[in-house]
Amino acid sequence: MTESKPVLHVGIDLGTSRSSISASTGQRHVVESYVGWPLDMVARKVLKKPVLIGHEALENRSMLDLHRPLEEGLIKDGSEKDEAAVRELLWHLLSLVGVARETRNGMKVRAVVGVPAEALRVNKQNVRKAMQDAVDNLMIVSEPFAVAYGLEALLHSLIIDLGAGTTDFCVMNGRLPAEEDQRTLTQAGDWVDEQLSRLTRERFPEARFSIHMVRAWKEESSFVGNTRTPVVVTVPVNGKPTQIDITQEMRQACEGLLPPIVESMLDLLSRVQPEYQERVRNNIIVSGGTGLIRGLGPRLEQELAAVGGGKVKVVKDPVFVGSDGGLSIALDAPDADWEKLTS
Amino acid sequence: MLQSKANVDRLKRRLVHDLVQQNVELIQGRIHRPHAPRRLPYLRLLGALALLLASTALVGSTRLLSTLAAAPAPVRPPGATLATSAVRAGQDLRANPPPIAAVLVSQGAATIDPAVLPLAVRRIALDAGHGGDSHGTRTPLGLLEKDITLDVARRLRQLLEAQHDFEVVMTRSGDSAVSLAERAAIANRSGADVFVSVHVNWIENRASHGVETYYLGPTNDPFLNRLAALENRDSGYAMADMRQLLDGIYAGVRQDKSRELAEVVQRALFRSLGRVNPKIEDRGVKSAPFIVLLSTRMPAILAEVSCASNTDEARLLARPLYRQYIAEALAGGLRVYASTARGAAAGNGG
């Protein structure tokens, strides 16, 4: 009689900025996609850890060799350190849902990992390589598909997944998305950060700030259109903490995303079979952390008016929508299918 | 209007099944290949015989050539190509050896069907344009062409080697100056089956942008002279005859294959980059006398993978994902080309 191990199913959203995990035990966790190793013996003594992950790594970045191993949603190529960072990140996520590194607590771990819509074959292989020791069975899936699956928006819908590294578009028409159903833009959250940083530096050349601070401002106050609340942040100017108003810069940086997103959205919609276009237009789902830019949904609806109108729904819980979708796939896949996917 | 629960469940089951299949293919490293048109058995036989004869000419088997030359001339239907003549000659090789002289003298380069010379692709020479002191063009953001091309070439190398079905030779793997002659020499020495030079375009009109691919233009390849001289040494045929044959078979095929490669790569570039850069223009496939293409001995192309003079494309070129897409498009084009060549080889080989 064969020994049957308890099975843990997990869905993982491996993101440029944040990575999340949803487990069949009901646990859900999110970490910043940062991994850092102490720079020297002193740092190691102070930090008391061989490797730091997520927010902890970001907080102690001055003492760390800090890596953000996913660039634009892909595992960076050619850097062993970044590959190691991805492995550490994955192990960390698994440890958060109770999977011990060496033994996996005697559990069989089955994981569905979401990657950008058009993640390239080599990068899928890299994900597989990075995870091979961590899980027993592994399935890789396009991130917007995982979102659509989790929301059961599998037919006549358009998913716009606004992440940090990429904006992924995926038309769902009841089958696995093909090339022509998907599109990826490199204008996404990080791009907004770059624009905001540049614009702020141009207007306040004396102000000192880092890209991490800019990212925090965006996450707190991003918007398109009008706002009643000015965006005021505190930065050192000539060594003195000073409040600066970056409302205009924030608007300009965020609205810079609109033209490419609108263009891609309308183009993909125009390629949908005519009889289904209206249904898809009325079933547009915006997910991802950057999708939380205030006013984005209504603004996209305004743009849809030119082609007959449509409805845009912004996912309220964008942090876990991808990993939850991955978990749904993991739970729905039959055992026999999982056995074909030994990592 | 809304899908019923049962329908949704059925749809989910099908999607999960397809997803599992897709992942199984990923694990097995299977590559989707377009279905090659099915060839009739007799065409395979004809192809094989044509290949045999053409190969014989290429390696200069003077013994066979002499034997054939001594035989009486067969009657060749007007307008028949070398390939079909060669096939017919091959079919009756034992009974009625055909005269090579008749074949040699009467055939023009343009009449050879490249399909009878299936050139399998195993080794690929990648040439990252510029390097060292030769910076190439510079984007408005300050990015240098030599760095972009090297990054794309490295990514492309990884993509091609990932499935262990290609060997890659780089003409430069770091920021070093390599002359055009040396680049071609590296490719030639390595015995590469195809040569791909990666460049970034710069156009006076800053509004212009897009991708274009060049292939080998008309050439007087010195390799053919050397090979013809060598192979013709003991054959008793005039140098001009051998040259004509080799030009016809080899140079014509090389040019045709280069154009074919340029076409699939250009298609892949335009299609793939269009998904991340919707405004991209298809500037088409062109022939030009780039030295690096003229000096290589294998099907050779030069891809202008985007336009540094255009602000939008310059911005995209600064992004790793865009460069990865360029590499992926080039790899895709090369795989399609190799797959077609393999299909032809399988077809011809029976």
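Just so you know, all these numbers are worked out from the coordinates, no wet-lab data involved. Predicted model only: the values in this text are computed from it and were never measured. Heads up, the Cβs are rebuilt from the backbone with ideal geometry, glycines too, and the neighbour counts pull from every protein chain shown.
Going highest first, how would you order A:313-321, A:37-45 by mean Cβ packing within 10 Å? Provide the component values of the computation, followed by the final result.
Details: A:313-321: 17.8, A:37-45: 13.8.
Highest-to-lowest ranking by the protection proxy: A:313-321, A:37-45.
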>> Quick check: pseudo-label points 7 Å beyond the Cα along Cα→Cβ at A:VAL237 and A:GLU194, how many nm apart are they?
In response: 2.8
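Among bridges DSSP assigns within chain A, what percent are antiparallel (round to 5)? Numbers along the way, then the final one.
Values: 36 of 57 bridges.
So the antiparallel bridges amount to about 65 percent of the total.
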>> Let me check I have the definition right: for the range A:205-297, take the eigenvalues of the Cα gyration tensor, multiply each by 5, take square roots. What are those semi-axes in whole Å, largest first?
In response: 37, 12, 10
> Once amide H atoms are built 1.01 Å from N in the peptide plane, which residues 5 or more positions from A:VAL113, or in another chain, come under 5 Å H to H?
Replying inline: A:ILE12, A:MET139, A:ILE140, A:VAL141
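Rank-order A:25-36, A:9-20 by packing density, defined as the average count of other C-beta atoms within 10 Å over each peptide's residues, highest first. Present the calculation step by step, with values, prior to reporting the outcome.
On the way: A:25-36: 19.3, A:9-20: 26.3.
Packing proxy ranking, top to bottom: A:9-20, A:25-36.
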>> Give me the one-decimal nm value for the distance between modelled label points at A:VAL7 and B:ASN205, 7 Å along each residue's Cα-to-Cβ direction.
In response: 6.1
>> Just want the answer: with Cβ charges of +1 for Lys and Arg and -1 for Asp and Glu, which residue in A:VAL286, A:ALA253, A:THR242 is farthest toward the dipole's positive end in the range A:229-343?
In response: A:THR242
> What whole number of Å gives the distance from the Cα centroid of the range A:18-55 to the Cα centroid of the range B:7-28?
Replying inline: 33
> For A:GLU275 and A:ARG61, FRET efficiency with R0 = 41 Å and r from the beta-carbon atoms, rounded to 0.05?
Replying inline: 0.15
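Using +1 on the beta carbon of Lys and Arg, -1 on that of Asp and Glu, and nothing else charged, what's the dipole of chain A about the Cα centre, debye to 20? Don't jump to the answer; show the numbers that get you there.
Numbers: 40 positive and 47 negative charges, 169 e Å.
In total the dipole reaches around 820 debye.
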>> 5 Å is the cut-off here: which amide hydrogens, built 1.01 Å from N in the peptide plane, fall below it relative to B:ARG123, excluding neighbours closer than 5 in sequence?
In response: B:GLU167, B:ASP193, B:VAL194
> For A:LYS313, which aspartates and glutamates qualify as cross-link partners when the Cα separation must be under 17 Å and same-chain residues fewer than eight apart are set aside?
Replying inline: A:GLU152, A:ASP161, A:ASP168, A:GLU278, A:GLU301, A:GLU303
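DSSP beta bridges in the range A:230-343, what fraction antiparallel, as a percent rounded to 5? Walk me through the numbers on the way to the answer.
Values: 6 of 9 bridges.
If I count the DSSP bridges inside the range A:230-343, around 65 percent turn out antiparallel.
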> Highest mean first, what order results for A:132-145, A:103-116, B:164-177 on Cβ atoms within 10 Å?
Replying inline: A:132-145, A:103-116, B:164-177
> Once the Cβ-Cβ distance between A:GLU180 and A:ARG44 is put in as r, and R0 is 45 Å, what FRET efficiency do you end up with, to the nearest 0.05?
Replying inline: 0.30
>> Need one number for the range A:118-233: average projected area of the convex hull over its C-alpha atoms, nm².
In response: 10.7
>> Using alpha carbons only, how many angstrom separate the centre of the range A:251-301 from the centre of the range A:121-153?
In response: 25
> Setting aside same-chain residues fewer than 8 positions from A:LYS340, which aspartates and glutamates have a Cα under 16 Å from its Cα?
Replying inline: A:ASP136, A:ASP332, B:ASP18, B:GLU25
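Extension gain B:ASP312-B:LYS286, at 0.36 nm per residue separation less the Cα-Cα distance, in nm? Each step should come with its number before you reach the end.
Working: separation 26, 0.36 × 26 = 9.36 nm, distance 2.39 nm.
Additional length available on full extension: 7.0 nm.
Averaged across the residues of A:177-187, what count of C-beta atoms belonging to other chains lies within 10 Å of each residue's C-beta? Walk me through the intermediate numbers first.
Working: counts 1, 0, 3, 2, 0, 1, 4, 5, 6, 10, 4.
Per-residue shielding by partner chains comes out at 3.
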>> Checking the a/c ratio against 1.5 first, then a/b against b/c, what shape does the Cα gyration tensor give for chain A?
In response: oblate
> Hey, if you put +1 on the Cβ of every Lys and Arg and -1 on every Asp and Glu Cβ in the range A:200-343, which of A:VAL231, A:ALA305, A:VAL272 ends up farthest toward the positive end of that dipole?
Replying inline: A:VAL231
>> Cross-link candidates for B:LYS257: which lysines have Cα within less than 17 Å, leaving aside residues fewer than 8 places away along the same chain?
In response: B:LYS286
> Can you give the mean number of other chain Cβ atoms that lie within 10 Å of the Cβ atoms in peptide A:54-65?
Replying inline: 0
>> Can you give me the distance in nm between label points at A:GLN302 and A:ASP335, each placed 7 Å from the Cα along the Cα-to-Cβ direction?
In response: 5.6
> Under a point-charge model restricted to the Cβ atoms of Lys and Arg (+1) and Asp and Glu (-1), what is the dipole moment magnitude of the range A:191-343 relative to its Cα centre, in debye to the nearest 20?
Replying inline: 660
> Name the trypsin sites (Lys or Arg not before Pro) in the range A:173-275 that are in a loop by DSSP and that have at most 11 other C-beta atoms within 10 Å, would you?
Replying inline: A:ARG228
> Residue by residue, what Karplus-based ³J(HN,Hα) values in Hz, rounded to whole numbers, does the range B:171-181 have, using 6.51, -1.76 and 1.60 with θ = phi - 60° and x for Gly and Pro?
Replying inline: 6, 8, 10, x, 7, 10, 7, 10, 5, 4, 5
> Which whole number gives the average, over all residues in A:148-154, of C-beta atoms from other chains lying within 10 Å of the residue C-beta?
Replying inline: 3
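Given +1 on the Cβ of Lys and Arg, -1 on the Cβ of Asp and Glu, and no further charges, what dipole in debye does the range A:198-249 carry about its Cα centre, rounded to the nearest 20? Each step should come with its number before you reach the end.
Numbers: 8 positive and 6 negative charges, 18 e Å.
Dipole size: approximately 80 debye.
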